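Take a look at the structure below.
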Amino acid sequence: MIHFVGAGPGAPDLITVRGKKLLEEADLIIYAGSLVNKELLTNAKESCIVKDSASMTLEEVLKAMEESEAKGFVTVRLHTGDPCLYGAIREQMDALDKKGIDYDYTPGVSSFSAAAAALRAEYTLPGISQSVIITRTAGRTPVPDKQTIVDYAQHGTTMVVFLSTGLVEKLAIQLVEGGYTAQTPAAVVYKASWPEERVYRCTVGTLAETVHAHHLKNTALILVGPFLSSAYERSKLYDPEFTHGFRKGNKE
Ligand code: SAH
């Protein structure tokens, strides 16, 4: 059995209980070394074989999984954050399906959640933003038609931009082209939940200089939108006047 496991954003205690248990049981762990916190590997038993996938191809990962499976080993494929986002997990699952190898999938805490915690922010504010756009800037991996930063910026809602610190000038230009102003609040969260975590608040207009001034390369998220400013409406859910399934409001 192959277990795909979300490692969480970095802090070793932000893996799920289930994920940690699987690490403890594993005979082989293949982890995404460029982003996964190596401290998580201390959960592995002494006999466990550990491979870093950073220098491996998909074919090599699959071969390692197949050999492990043939030996009757428990294999954990450890991906950063939640594997459902930019995890390149689908191609592995499809290949395992073809080979008839069984797998399961344990989600993780994504870095976009850890970034909100670092910012002490809520992405969805009444009257301000009720949607979150999770995206990236087109780089060596292109983005499909109608899925560009310009397209999404038109909504004016919360945007979480992955994998884009290296393309920040282009990102800032496209955000404005799409409709945010240079004054729209923005933030860069570096290594959310790691001991080295840093939060830089800025605006769309100062985003690029913020990224450069602090040498923010990989392991950073860019957040954009009015959720970062102070204005919002209070929630209906906790409004004394509002009636819902679990509470009667005080207004007739
Ligand atoms: N599946 C992962 C994302 C993998 S893509 C998740 O759910 O978080 C890798 C990108 O994620 C990085 O380039 C960076 O933009 C972002 N990232 C991953 N961990 C991060 C962290 N702890 N803090 C900030 N950004 C992070």
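The values are calculated or read from the model by the stated rules, or taken from the named source; none is laboratory data. All of these numbers come straight from a predicted model, not from anything done at the bench. Here Cβ is always computed from backbone atoms with ideal geometry, including for glycine, and neighbour counts include all displayed protein chains.
Inspect all residues belonging to the range 85-99 and state whether any of them is modelled with pLDDT of 95 or more and within 18 Å of Ala11 (Cβ to Cβ). Yes - at least one qualifying residue is present in the range 85-99.
Can you pull out every residue in the range 21-38 that is over 19 Å from the mean Cα position of the chain (by Cα) and of a type outside the set (A, V, I, L, M)? If the condition is that a residue be over 19 Å from the mean Cα position of the chain (by Cα) and of a type outside the set (A, V, I, L, M), then Lys21, Glu24, Glu25, Asp27 are the ones that fit.
One line per residue, one yes/no per condition, for (1) at pLDDT below 95; (2) at negative phi; (3) among the polar types (S, T, N, Q):
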position	(1), (2), (3)
Asn37	no, yes, yes
Leu41	no, yes, no
Lys45	no, yes, no
Ile49	no, yes, no
Ala54	yes, yes, no
Val61	no, yes, no
Ser68	no, yes, yes
Phe73	no, yes, no
Pro83	no, yes, no
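Within the range 154-166, being free of Cβ contacts under 8 Å to residues at least 60 places away in the same chain and either more than 18 Å from the chain's Cα centre (by Cα) or surrounded by fewer than 19 Cβ atoms within 10 Å (Cβ to Cβ) (or both) holds for Gln154, His155, Gly166. Taking the range 58-101, which residues are of a type in the set (Asp, Glu), more than 23 Å from Leu40 (Cα to Cα) and under 26 Å from the mean Cα position of the chain (by Cα)? Scanning the range 58-101 gives Glu59, Glu91, Asp94, Asp97. The number of residues in the range 90-130 that are over 25 Å from Tyr31 (Cβ atoms) and exposed (fewer than 12 other Cβ atoms within 10 Å of the Cβ) comes to 3. Residue pairs whose Cβ atoms lie under 6 Å apart, separated by 6 or more positions or on different chains, with the first residue in the range 72-93 and within 21 Å of Lys21 (Cα to Cα) and the second assigned to a loop (DSSP other than H, G, I, E, B) and acidic (Asp, Glu), are Phe73/Asp27; Val74/Asp27. Only one of Thr137, Thr157, Thr141, Thr124 is out of contact with any helix residue (DSSP H, G or I) (no Cβ under 7 Å at 6 or more places or on another chain), farther than 30 Å from Lys236 by Cβ and not assigned by the TED database to the domain that holds Arg18; which? The unique qualifying residue is Thr141. With respect to being modelled with pLDDT under 95 and not acidic (Asp, Glu), Gly33 fits the description. Test Glu39 against the criterion of being out of contact with any Phe, Trp or Tyr (no Cβ under 7 Å at 6 or more places or on another chain) and within 14 Å of the ligand (Cβ to nearest atom), and give yes or no. Spelling it out, Glu39 is indeed out of contact with any Phe, Trp or Tyr (no Cβ under 7 Å at 6 or more places or on another chain) and within 14 Å of the ligand (Cβ to nearest atom).
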